[in-house]
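Trainee: The structure's right below; bear with me while I get my questions together.
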Amino acid sequence: MEKIDIKSLTLPKLEKLVQEMGLPKYRAGQIFRWLHQKQVLSFAEMSDLSGELREKLAGKCYINPVSIKKKLVSALDGTVKYLYELADGNCIEAVLMEYHHGMALCISTQVGCRMGCKFCASTLGGKVRDLTPAEMLEEVYAAGRDSGKRIGSLVLMGIGEPLDNFENVMDFLEILSCPQGLNLSQRHVSLSTCGLVDQIYQLTKRKSQLTLSVSLHAPNDAIRNRSMPVNRKYPIDTLLKACRDYFTATGRRVSFEYALIAGVNDKPEHAKELAKRLQGMNAHVNLIPVNPVQETGMKRGSRESVRRFQELLASLGINATVRRELGSDISAACGQLRRQDQQGRPSILEGQK
């Protein structure tokens, strides 16, 4: 009989399991708190459960481990990048950043990615598999244990497309926000998507309180088609309608990520076209000088060109900021450290722990 990944179970699912095992329903709350408040890594640590019950749980379930394989700390700003190793030997990344409002963690939702965005290192090797809710939770818990600090906000913007792993991500968020667990409000979670419109409407139906962050990266379909294959299925007008509907249903402002690629999408006419498309939306544009990735050949423009793009958007009534760059000396862009590890290449701060 295949064992159950107990840390991936939401509280209602855990309650159902314990009742099927012939146990009183309240046991689920005890077990849930051990897993998600005290974050134990074995059933033996659940000291207020009888030895017989702990053995019974161990025979039927397992606790999915995630270990820190490599840890890089930026000498510039203290940003920490983790390379996590999963139980099956696959690796994923997370980045811990400190802001004035507290600690923010950017996590992965898949091993690899199948979306094929041309500027992203995460997708170069394709998708291997989805992460389970437990594995995503352990990204958060492991960073908290290692840093000794509470993670106050979360960004689903690491390796993978979160909405391509929809059900696991939804269970992960339910467990994360549960009062008997870490109790992190979904208002402190930002979910980044390349624009899977059908799944955005699923979020809309759920009246999600997430901050939806859409990777737009182009002002028109011609440019977006070249860099983001998803646009052929969901063109920009279709995507923006879904974003407007999401805001109407949830009241949550949508953020648009826009990676500025020199000579491709960073000209004044591109800023004007982008502003026209977003006019009237309660939206924010996050400008990102593109991360140089050896395999893509894409280049970033000058700081001056980025500033001019931002100012032009602002003059046209669009709220736009330039993303603060953190951890530039430790391959903090998503996918880079994992790819170096796969290829056996030394990382910038090889061996730093």
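Please treat every number below as a calculation from the coordinates, not as lab data. Everything numeric in this text was worked out from a predicted model, so none of it was measured. A quick note on method: Cβ atoms are made from the backbone with ideal geometry, for glycine too, and the neighbour counts reach across all protein chains shown.
Trainee: I need the shape label for segment 223-301. Rule: rounded when a/c is under 1.5, else prolate if a/b > b/c, else oblate, with a, b, c from the alpha carbon gyration tensor.
Mentor: Note, shape of segment 223-301 comes out prolate.
Trainee: Could I ask something else about it? Sort 228, 298, 157 so the one with the fewest other Cβ atoms within 10 Å of its own Cβ comes first.
Mentor: 298, 157, 228
Trainee: Sort 236-245, 86-95 for me by packing, meaning the mean count of neighbouring Cβ atoms within 10 Å per residue, highest on top.
Mentor: Descending mean neighbour count gives 86-95, 236-245.
Trainee: Considering only DSSP beta bridges with both partners in segment 86-143, what is the antiparallel share in %, to the nearest 5?
Mentor: Bridges in segment 86-143 are about 100 percent antiparallel.
Trainee: Further question: Hey, fewest Cβ within 10 Å first, where do 166, 119 land in order?
Mentor: Taking fewest neighbouring Cβ atoms as first place, the list is 166, 119.
Trainee: Across segment 89-97, in residue order, what do the Karplus-derived ³J(HN,Hα) couplings come to in whole Hz, using 6.51 cos²θ - 1.76 cosθ + 1.60 with θ = phi - 60° and x for Gly and Pro?
Mentor: So the J values, rounded to whole Hz, are x, 5, 10, 9, 10, 8, 10, 9, 10.
Trainee: When the helices in the chain are scored as -39500 (n - 2.57) per DSSP H run of 4 or longer and the sum is shared across all residues, what 222 nm value do you end up with, to the nearest 500 deg cm²/dmol?
Mentor: Taken over the chain, the calculation gives -10500 deg cm²/dmol.
Trainee: Between residue 259 and residues 5 or more places away or on another chain, which pairs have amide H atoms under 5 Å apart, with H built 1.01 Å from N, and which residues are they?
Mentor: Result for residue 259 returns 217, 288.
Trainee: In whole Å, how far is the Cα centre of segment 173-221 from that of segment 110-134?
Mentor: So the separation of the two Cα centres works out to 18 Å.
Trainee: Quick check: from the Cα gyration tensor, does segment 4-62 come out rounded (a/c under 1.5), prolate or oblate?
Mentor: rounded
Trainee: Please figure out what share of the DSSP beta bridges in the chain is antiparallel and state it in percent, rounded to the nearest 5.
Mentor: DSSP beta bridges in the chain are roughly 45 percent antiparallel.
Trainee: Out of (i) 21.2, 70; (ii) 22.0, 78; (iii) 42.9, 182, which label holds the value of Rg and Dmax of the Cα atoms in Å that was computed here?
Mentor: It is the one labelled (i).
Trainee: Answer with one residue from 112, 153, 201: the one whose Cα lies farthest towards the positive end of the charge dipole of segment 66-343, charges on Cβ with Lys, Arg +1 and Asp, Glu -1.
Mentor: Positive-most Cα among the choices belongs to 201.
Trainee: Amide H of residue 70: which non-local residues (sequence gap of 5 or more, or other chain) have their own amide H closer than 5 Å, using H built in the peptide plane?
Mentor: So residue 70 has HN proximity to 83.
Trainee: Is the C-alpha gyration tensor of segment 102-211 telling us rounded, prolate or oblate? Criteria: a/c under 1.5 is rounded; beyond that, a/b larger than b/c is prolate, otherwise oblate.
Mentor: oblate
Trainee: List 170, 281 from most exposed to least, where exposure is judged by having the fewest other Cβ atoms within 10 Å.
Mentor: Ordered from fewest to most neighbouring Cβ atoms within 10 Å, 170, 281 come out as 281, 170.
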